[in-house]
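These notes are about the structure you will find just below.
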Amino acid sequence: MKYYFCGIGGIGMSSIAQYFSLKGQQVSGSDRSFDLSKNTQIKEQLQKLGIRIFPQDASGVTDDIDYFVTSTAVEAQIPDVQKALQLNLTIRRRAEMLAEILHSYTGIAVGGTSGKTTITAMIGHILTVCGLSPTVINGGIFINTYKENESPSNFIMGNGEFCVIESDESDGTIELYNPAISVVSNISLDHKPLEELRPLFKNFIERTKKGVVLNLDCPETAIFKKIHSNTLTFSCKKDSGANLIATDITPSQEGIDFKINGILTHLQVMGKHNVENALASIGAALLAGVDLEKATQALSSFKGTKRRLERIGTSNGIAVFDDYAHNPEKVSASLQTLCQNDHTLWAVFQPHGFTPTRLMKNEFIEAFATKTGLQDVLIFPEIFYQGGTVAKDISSKDLVEALKSKGKKAFFFENRADIPNFVAQNAKPNDRVVVMGARDVTLTDLAKDILKEIGDKK
């Protein structure tokens, strides 16, 4: 079979392209970021797998393509899509292909508005360490398997019965998945209002065949605990009555320590939210037949996923982190983890998309206002815009002005390139810096530029 992926450079598209390539199918594709000489490492890594990359000018779209695969992020008017329509090719959404893969295995689908990528990676890691050789398709890079200049590690091809995927509610494609095991980490305001999210997750749970893992600490997920006959619950509250309970949570320099049902557990990643992620992943592993003690032991070697509160480095006593946080709940979790009274946090946040920023404006303001101290500094470049037709009637300036009115040290930078020098000239030893935001692959470069400027400071 011949597959063409329009938007192959995306984290979700590239993993599925890898899957079909390793299954012996003929795979090619295009991506506008490649045409702009961006995201070149992913391009080169895909090419090493034998995947042919074309310009996104319709030159690679031919009438012998069996499946033309596109994502919801790709506009209908681009040349590749127009050519596919002219040739009457079979057009499939990325999520449809992912569902096809999931349903060919004993599928484990991870849902929720926060934590999906990390939980998916954790489940994959536990099953791998425990010898079950899962196939894992994720929206983030696994640090445990990441190596510079090798094939992208947002995907693991296993030979066992399980396939673990990250399912997406933001575009409604979660409705395509009928997993054996499902996880719902939490439900909060993100790309859609709660009124639209609730039925999506309720139906997701009802379609699950074998068992469901739910967070009792989230009121929006707790209400679903009686929907499925085999529901495993988790909580960080001692008297919650959950099946899995985390107690004695103690942050450490190397991560965080806690107990799960009395079993001592250590994580190399920071934050209470990662304790919740660990509980969710262990719940899924238990439903897959893994012993609790073996699952907790396996997690101790989990190193995290890239851009999920990832420490880029430390220079002149200042630690710099790179984080995918892009909705109010994720921002709050990251700020809560990093903010301490004995140092200043320099939080750089680039909102993505005018519509999501407009929808969550008040919640963003609340998160930054309540989860940071008076000494902390909030820095906002302009909203990240990927193209398309949208009303540009909100700006990062609106968030900055609102936060200033609440007494916060908030700054707007029209030129993002000025941020590294600003931070380097003002940050002091023992301070922390975090760069937060989604979809923009150059945010990691911004974090690295800040670290370099700090190192160059005399």
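Details
- Every pair of residues 6+ apart whose Cβ atoms lie under 7 Å, when the first sits in the stretch 243-265 and is within 23 Å of Ala222 (Cα to Cα) while the second is part of a strand (DSSP E or B) and polar (S, T, N, Q): Asn243/Thr233; Ile245/Ser235; Phe258/Thr247; Phe258/Thr250; Phe258/Thr265; Lys259/Thr247; Lys259/Thr265
- Set Leu335, Leu359, Leu378: member being in a helix (DSSP H, G or I) and in contact with a Phe, Trp or Tyr (Cβ under 8 Å, 6 or more places away or on another chain): Leu335
- Any strands (runs of 3 or more DSSP E) falling wholly within the stretch 206-286 and containing at least 1 residues that are in contact with a helix residue (DSSP H, G or I) (Cβ under 8 Å, 6 or more places away or on another chain) and within 22 Å of Tyr177 (Cα to Cα): 211-215, 231-235
- Residue, farthest from Ala410 (Cα to Cα), within the stretch 362-374, restricted to residues that are assigned to a helix (DSSP H, G or I) and either in contact (Cβ under 8 Å) with a residue 40 or more places away in the chain or not assigned by TED's automatic domain parsing to the domain that holds Lys409 (or both): Glu363
- Of residues in the stretch 392-423 being assigned to a loop (DSSP other than H, G, I, E, B) and in contact with a Ser or Thr (Cβ under 8 Å, 6 or more places away or on another chain), the one modelled with the lowest pLDDT: Ile394
- The number of residues in the stretch 88-117 being at pLDDT below 95, buried (at least 23 other Cβ atoms within 10 Å of the Cβ) and not hydrophobic (A, V, I, L, M, F, W, C) comes to 8.
- Boolean, Phe155 is more than 22 Å from Ile282 (Cβ to Cβ) and crowded, with 18+ Cβ neighbours inside 10 Å: yes
- In the stretch 11-20, residue surrounded by the fewest Cβ atoms within 10 Å (Cβ to Cβ) [restricted to those that are touching a helix residue (DSSP H, G or I) at 6+ places or on another chain (Cβ under 8 Å) and small (Gly, Ala, Ser)]: Gly12
- Residues that are surrounded by fewer than 24 Cβ atoms within 10 Å (Cβ to Cβ) and hydrophobic (A, V, I, L, M, F, W, C) were ranked within the stretch 268-287; the one that is farthest from Tyr105 (Cα to Cα) is Met270.
- Subset of the stretch 362-400 that is exposed (fewer than 13 other Cβ atoms within 10 Å of the Cβ) and over 18 Å from His352 (Cα atoms) - its residue that is farthest from the chain's Cα centre (by Cα): Leu374
- Test: residue in the stretch 433-445 that is of a type outside the set (Val, Ile, Thr), in a loop (DSSP other than H, G, I, E, B), on the phi < 0 side of the Ramachandran plot and touching a Phe, Trp or Tyr at 6+ places or on another chain (Cβ under 8 Å): yes
- Number of positions in the stretch 31-49 that are surrounded by 13 or more Cβ atoms within 10 Å (Cβ to Cβ), farther than 20 Å from Thr442 by Cβ and among the polar types (S, T, N, Q): 0
- Residue count for the stretch 64-111 satisfying the condition of being of a type in the set (Gly, Ala, Ser) and part of a loop (DSSP other than H, G, I, E, B): 4.
- Leu85 at pLDDT 90 or above and under 23 Å from Ala121 (Cβ atoms): no
- When Gly115, Gly50 are screened for being within 23 Å of Glu276 (Cα to Cα), out of contact with any Pro (no Cβ under 9 Å at 6 or more places or on another chain) and among the small types (Gly, Ala, Ser), only Gly115 passes.
The values are calculated or read from the model by the stated rules, or taken from the named source; none is laboratory data. Because the structure is a prediction, the values reported are computed rather than measured. Counting neighbours? That spans all protein chains shown, and the Cβs are built from the backbone with ideal geometry, glycine included.
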